[in-house]
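One structure is given here, and the rest of the page talks about it.
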Amino acid sequence: MKEYYFGIDVGGTTVKLGLYSEVSGWLDKWEIKTRTENGGANILSDIAAAVQSAEEKHQISHGDVAGIGIGVPGPVLQDGTVNGCVNLGWGVVNVSKELGALTGLPVYTANDANIAALGEQWKGAGSSYQSLVLLTLGTGVGGGVIQDGKIISGILGGAGEIGHIPVLTDCPDTCNCGKNNCLELAGSATGLVRYAKHRLEESDAPSSMRDITPLTAKAVCDCCAAGDALAGECIAHAAEALGTAIACVGCILNPEAFLFGGGMAAAGDMILEPIRRVYNEKVFPLLRGTPVLQATLGNEAGITGGVRLVQVSQ
């Protein structure tokens, strides 16, 4: 058995990297800048250089590295091809093949939310479960599905796109995917702020949110925690959408647990408790009581899942 693994999480601003040892655990965690200019042409070569540098720094023989697990922000096919990553400037790129050629190592590629879910299932809040669904609440709503300890990615890499389940009705906004009524229009941090601004405009109710510029999802949550009724309405609106979505997912997958990560999930039970309530009201009665938990790995979920992806893929 080879001892070392690289876990990599590619974001639009930075690439997070980790070097893991089967014997000693994490040996190193670091970041490099994501160079998105020129269609992201330098991203994979930068990663390859960072991998080589880490091998030299830690005096690791190339032959002792089991491989690289990498998460990217886009749908990934079984062969490691991503069909476009807007945030990176990529069109169609076979990440596994190209990074493998640059490093001389086996490379396993998955969607970033899927790989984060795998990390949480291995080392995070989902470590007691073999099947779970992770939702990440940030600019959008990401999703990852784990069944029997492995990622469910779908034929076109589109499994787990929970943020685009059409759970809303008559939503006036258009999602970045081009559709209307997507979950992330209400359930994301961006959606929460958008809805709060809408309510502030149409209502003359007093609210501490009126004095905050710029208004952020954290500010809405803080105002709700302080007893602001209008902020509470906004949290309830987001929770209604999120609880409805996981009720739909639950009826299809019946996972052991739902996990919520991302910045908005840091509000804890203030957002999770109404999500649980809506889920239990709307899901098939047999499935009531499925744990709805806060993810615990934060920004390290992706690199952790990258390591695990190599392990389960060999």
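The values are calculated or read from the model by the stated rules, or taken from the named source; none is laboratory data. Being a predicted model, the structure only gives us computed values, none of them experimental. When we count neighbours, we look across all protein chains shown, and the Cβ atoms used for this are built from the backbone with ideal geometry, even at glycine. All accessible areas refer to the heavy atoms of the entire protein, side chains included, with ligands and DNA or RNA removed. Shrake-Rupley method; radii C 1.70, N 1.55, O 1.52, S 1.80 Å.
Give me the pairs: first residue in segment 122-140 and free of Cβ contacts under 8 Å to residues at least 60 places away in the same chain, second residue of a type outside the set (D, E, K, R), beta-carbon distance under 6 Å, and six or more apart or on different chains, which are they?
That search, which allows pairs on different chains as well, returns 139/190; 140/163; 140/188.
How many of the residues in segment 65-86 are polar (S, T, N, Q) and within 20 Å of residue 300 (Cα to Cα)?
0
Which is loosely packed, with under 15 Cβ neighbours inside 10 Å and among the acidic types (Asp, Glu), of 22, 55?
22
Name the one entry in 290, 304 that is in contact with a Gly (Cβ under 7 Å, 6 or more places away or on another chain), β-branched (Val, Ile, Thr), at pLDDT 95 or above and assigned to a loop (DSSP other than H, G, I, E, B).
The unique qualifying residue is 290.
Of all residues in segment 277-291, which are buried (at least 19 other Cβ atoms within 10 Å of the Cβ) and closer than 18 Å to residue 165 by Cα?
Result: 278, 279, 283.
Determine which single condition residue 294 fails, assuming it passes every other condition in (1) out of contact with any Leu (no Cβ under 7 Å at 6 or more places or on another chain); (2) open to solvent by 30 Å² or more (accessible area, probe 1.4 Å); (3) not acidic (Asp, Glu).
(1)
Among 160, 119, 126, which is the only one that is in a loop (DSSP other than H, G, I, E, B) and open to solvent by less than 10 Å² (accessible area, probe 1.4 Å)?
Of the residues listed, the single one that is in a loop (DSSP other than H, G, I, E, B) and open to solvent by less than 10 Å² (accessible area, probe 1.4 Å) is 126.
Quick one: is residue 90 aromatic (Phe, Trp, Tyr) and either in contact with a helix residue (DSSP H, G or I) (Cβ under 6 Å, 6 or more places away or on another chain) or at pLDDT below 95 (or both)?
Details: aromatic (Phe, Trp, Tyr): yes; either in contact with a helix residue (DSSP H, G or I) (Cβ under 6 Å, 6 or more places away or on another chain) or at pLDDT below 95 (or both): yes.
When the stated conditions are applied, residue 90 passes them.
Pick out the one residue from 109, 103 that is more than 16 Å from residue 10 (Cα to Cα), crowded, with 20+ Cβ neighbours inside 10 Å and at pLDDT 95 or above. Can you show your working first?
Details: 109 fails: more than 16 Å from residue 10 (Cα to Cα).
Step by step, each of 109, 103 is checked, and only 103 is more than 16 Å from residue 10 (Cα to Cα), crowded, with 20+ Cβ neighbours inside 10 Å and at pLDDT 95 or above.
Find all pairs meeting these conditions: Cβ atoms under 6 angstrom apart; at least six residues apart or on different chains; first residue within segment 63-87 and closer than 17 Å to residue 7 by Cα and touching a residue at least 12 places away in the same chain (Cβ under 8 Å); second residue open to solvent by 60 Å² or more (accessible area, probe 1.4 Å) and outside any strand (DSSP E or B).
64/2; 66/2; 73/87
Need at least 3 residues that are over 21 Å from the mean Cα position of the chain (by Cα) and of a type in the set (Lys, Arg) per element, so show me which strands (runs of 3 or more DSSP E) inside segment 1-95 make the cut, counting only ones lying wholly within it. Break it down stepwise before answering.
Values: elements: 4-10, 14-21, 25-33, 65-72, 81-85, 90-94.
Because the criterion is at least 3 residues that are over 21 Å from the mean Cα position of the chain (by Cα) and of a type in the set (Lys, Arg), no strands (runs of 3 or more DSSP E) in segment 1-95 meet it.
Per-residue answers, yes or no, for (1) within 19 Å of the chain's Cα centre (by Cα); (2) touching a residue at least 40 places away in the same chain (Cβ under 8 Å); (3) open to solvent by less than 10 Å² (accessible area, probe 1.4 Å):
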| residue | (1), (2), (3) |
| --- | --- |
| 224 | no, yes, no |
| 230 | no, no, yes |
| 241 | yes, yes, yes |
| 245 | yes, yes, yes |
| 253 | yes, yes, no |
| 260 | yes, yes, yes |
| 304 | yes, yes, yes |
| 312 | no, yes, no |
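Run residue 271 past the list (1) buried (at least 22 other Cβ atoms within 10 Å of the Cβ); (2) not in a helix (DSSP H, G or I) and report the number of the one that doesn't hold.
Going through the list (1) buried (at least 22 other Cβ atoms within 10 Å of the Cβ); (2) not in a helix (DSSP H, G or I), residue 271 breaks only (2).
Which of the residues belonging to segment 170-186 are charged (D, E, K, R) and open to solvent by 50 Å² or more (accessible area, probe 1.4 Å)? It would help to see each step written out before you state the result.
First, the residues of segment 170-186 that are charged (D, E, K, R): 170, 173, 179, 184.
Across segment 170-186, the qualifying residues are 170, 173, 179.
May I ask you to list the residues in segment 187-222 that are open to solvent by less than 50 Å² (accessible area, probe 1.4 Å) and of a type in the set (Lys, Arg)?
199
Which ones in segment 177-214 are more than 20 Å from the chain's Cα centre (by Cα) and assigned to a loop (DSSP other than H, G, I, E, B)?
178, 179, 181, 203, 204, 205, 206, 207, 212, 213, 214, listed by residue number.
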